[in-house]
Amino acid sequence: MLQTTLNNGHSMPMLGLGVSGMYGADAVRAIRSALTIGYRLIDTAAMYDNEAAVGRAVRESGIGRAEIFVTTKVKDTYQGYDSTIRAFEESLNRINCGYIDLYLLHWPSRSHRREMWRAMETLHQQGRIRSIGVCNYPIPLLEEFQDYADIVPAVNQVEFSPYLYSEDLLRYCQGQGIQLQAYSPLTQGKRLDDPRLIATAIKYGKTPAQIMLRWILHHGVSAIPKSNNVRRLRENLDIFDFDLLPEDLARLDGFHEGLRIFDDPMNYI
Ligand code: NDP
C-alpha cells in the first residue's frame, strides 16, 4: 500500500476506506472484508455511529494493530475545549483498540475552533493520539493557525475530485506540509457516468471509479472511497498497476466544475 509521511513523521496509507453510512454487523462485515483485501486505513467519525463496529472489525481481523491506521473525528455538537477532550475519550472507548492514529475536527466551528484545536494539541502532547488534523478547512481558516497553533494539522480532509479540483487549497496545504485527503472522492457516484470519464476508463482498461482515484493520488492527495460491496472494494484498491499519461491528467484537471455534495466550508468563516 502506497504510504505518505505526515508532517510529524508518522506514515499514513494514501488510500483507505470511508465508512459513513455503514452500521452494526453489516459495517463489521464490510470493514473486515476490506482489511482482508488489503485496506489499511479506516476513516470513521463519532457522527457516523459506527466507531464500535470499526474497533470490532480491527480487533477481529487478526491483523496487527500497528499495521492499521484508524481515523475518527469530533462530532460537530461537541464545541469547546472540555467537550473536545470528552469527545476523544468517548471515541477511544467506543473504538476500543488501543489508540487512534488520526483525530480530526469534523467541521470548523464558527466560534470555538481555537479552543478545540488547543484540546487537540493537549491530547497529542499527552501522547494520547498520534496525529491531529482538521476537515473542511479552507485557506483562510488554515492561515489562522499561524496565530494560535503550536502544531500544524497533519491532515486536512476535504471534498475533492476531478469535478472539484481545489488547486489553490492543494498548493497551500503542500506548502504548509499538510496532507490533503479527499472525501467523496467518487462524487458519491454522481459523475461516474460522465462520457469523458468513461472514454478515459476504456482507454486504460479501467473503470471510471479507478480513473478518478488514480487522478486524486497522482496529485498527492489521499483518498477514502466508501463501499460496502466486496467487488467495488477490490476495484477501488486495484489502482496501482497503471498511471495516467500527462495529457489525460490535464484533461481530467479540466473536468473541474465546482461540484459539491456537501456544504461549502467557506460558509463557516
Ligand atoms: P464516495 O465518493 O466514496 O462514494 C460512495 C458511493 O459510491 C457509495 O454509494 C458506493 O456504493 C459507491 N461506490 C463505491 N465504489 C464504487 C465503484 N467502484 N463504482 C461505482 N460506485 C461505487 O462518497 P462518500 O461521501 O461516502 O465519501 C467517502 C468517505 O469520506 C465517507 O465514507 C467518510 O468516511 C468520508 N467523508 C468525510 C466527510 C467530512 O466532512 N470529513 C464528509 C463526507 C464523507 P457501494 O457502497 O454500494 O459500493
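Side notes on the structure shown:
- When the residues of region 6-24 are filtered to those that are of a type in the set (G, A, S) and away from the ligand (no atom under 11 Å from the Cβ), the one that is nearest to the chain's Cα centre (by Cα) is S11.
Here is a yes/no grid of residues against (1) of a type outside the set (K, R); (2) buried (at least 17 other Cβ atoms within 10 Å of the Cβ); (3) in a loop (DSSP other than H, G, I, E, B):
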site: C173; (1), (2), (3): yes, yes, no
site: I202; (1), (2), (3): yes, no, no
site: I211; (1), (2), (3): yes, yes, no
site: I216; (1), (2), (3): yes, yes, no
site: K226; (1), (2), (3): no, yes, yes
site: E235; (1), (2), (3): yes, yes, no
site: E247; (1), (2), (3): yes, no, no
site: E257; (1), (2), (3): yes, no, yes
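- Among the residues examined, T36 does not qualify as touching a residue at least 24 places away in the same chain (Cβ under 8 Å), away from the ligand (no atom under 12 Å from the Cβ), assigned to a strand (DSSP E or B) and open to solvent by 10 Å² or more (accessible area, probe 1.4 Å).
- Looking across T77, T122, T71, one residue alone is among the hydroxyl-bearing types (S, T, Y) and surrounded by 21 or more Cβ atoms within 10 Å (Cβ to Cβ). It is T71.
- Within region 259-269, the set of residues being in a loop (DSSP other than H, G, I, E, B) and among the aromatic types (F, W, Y) comprises just one member, F262.
- Of all residues in region 120-166 being without any contact (Cβ under 8 Å) to a residue 60 or more places away in the chain and charged (D, E, K, R), the one that is nearest to K226 (Cα to Cα): R128
- Scan of region 91-119 for residues that are out of contact with any Phe, Trp or Tyr (no Cβ under 9 Å at 6 or more places or on another chain) and open to solvent by 60 Å² or more (accessible area, probe 1.4 Å), ordered by number: N93, R94, N96, G98, S111
- Counting residues in region 11-28 that are in a strand (DSSP E or B) and open to solvent by 10 Å² or more (accessible area, probe 1.4 Å) gives one or more.
The values are calculated or read from the model by the stated rules, or taken from the named source; none is laboratory data. The model shown is predicted, which means the values in this text are computed figures rather than measured ones. Using ideal geometry, Cβ is built from the backbone for each residue, glycine included, and neighbour counts are taken over all protein chains shown. Each accessible area value is taken on the protein alone, full model and side chains, heavy atoms only, with ligands, DNA and RNA left out. Shrake-Rupley method; radii C 1.70, N 1.55, O 1.52, S 1.80 Å.
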